1. Just to verify a number: FRET efficiency for Arg104 and His193, C-beta to C-beta distance, R0 = 25 Å, to 0.05?
2. Return the distance in nm (one decimal) between the two label points of a simple spin-label model at Val151 and Asn186, each offset 7 Å from Cα along Cα→Cβ.
3. Among the listed pairs Lys88/Lys229; Lys37/Lys229; Lys110/Lys181; Lys118/Lys222; Lys42/Lys109, give every one whose C-alpha distance is greater than 19 Å.
4. Residues of the range 87-164: accessible area per residue at 1.4 Å, in Å²?
5. Multiplying the sequence separation of Asp119 and Ala71 by 0.36 nm and subtracting their Cα-Cα distance, what value in nm do you get?
6. Taking the Cβ of Val203 as the center, what net charge do the other residues with Cβ under 12 Å away carry, scoring Lys and Arg +1 and Asp and Glu -1?
Amino acid sequence: MKRFAILVLCLAGFACAGAADYVYPYFDFSAGATYLKTFYQKDSRYNFYYDREKDVIVRDNDLHYDVMSFAAWGIDLDFKAGASIFRKFLPVTLIPFIDLGWFRVSGTKKYKYYSMDKDYRYRDETRYYTSFLLGIMVYPIKSETSLFRGVFVSAAVGPSVKQYDYDANGVDYSDQETILKFELGNVWDVTEHYAVGFEGKAVLGFSFNDGESRDDVTVNSKSFGIALKVVRK
């Protein structure tokens, strides 16, 4: 990851040195709305727990604990810096980039201690996500006469830090997950170097084995969004 980031910065520096036929700097900024949905639970090692209210041991072969779901809407901000490489020679425009993202969502969290519990607990919650990603973007059409010249696709991966703010009691804390982001959109030229358009986003969040779960990797969050994009290329 660090080597990839250094490579992107080196390519951008190389472009500034006058090698525009090979490398050219690329920047874009997007702002929009996003919808986040999460579900997370931990597998029980021993498949039983002590029910204090009934004073009995409860057993279940499919027992989980810390069962949580959360759904919310929010705003999404995103900045990319990269370089279009070999732009005069490749049949497509290929751009490795660094992606700095931030978004804020507010909603209601549903939670229960064990999967066999009948009732959920509810709590209003605000989350802030800050991500640092490395990725590749492709503009597949280079013809200036094509209606699809501004179509692009991209994929990026990296860490995302989640900051939680509980509205009920003011307590906050943070943790981290690995996210995989996909984007698809189209931009239209407004000047020689600037373009404006729209994009759709899909993001998957992964949590890895914490020593208590039988699953190695779990998809515990999904988000979808649409944004206005401004490009400098």
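The values are calculated or read from the model by the stated rules, or taken from the named source; none is laboratory data. Bear in mind the structure is a predicted one, so any value in this text is a computation, not a measurement. Don't worry about glycine lacking a Cβ; one is built from the backbone with ideal geometry, like all the others, and counts go over all protein chains shown. Heavy atoms of the whole protein, side chains included, go into the accessibility calculation; ligands, DNA and RNA do not. Shrake-Rupley method; radii C 1.70, N 1.55, O 1.52, S 1.80 Å.
1. Values: r = 31 Å, r/R0 = 1.24.
For Arg104 and His193, the calculated efficiency is 0.20.
2. For the pair Val151/Asn186, the computed spacing is 0.8 nm.
3. Working: Lys88/Lys229 24 Å; Lys37/Lys229 24 Å; Lys110/Lys181 25 Å; Lys118/Lys222 26 Å; Lys42/Lys109 17 Å.
Violating the 19 Å Cα-Cα cut-off are Lys88/Lys229; Lys37/Lys229; Lys110/Lys181; Lys118/Lys222.
4. Details: 4170 Å² over 78 residues.
Per-residue accessible area for the range 87-164 comes out at 53 Å².
5. Using 0.36 nm per residue and subtracting the Cα-Cα distance, I get 15.5 nm.
6. On the way: positive: Lys37, Lys181, Lys201, Lys222; negative: Asp76, Asp78, Asp99, Glu177, Glu183.
Result for the local shell: -1.
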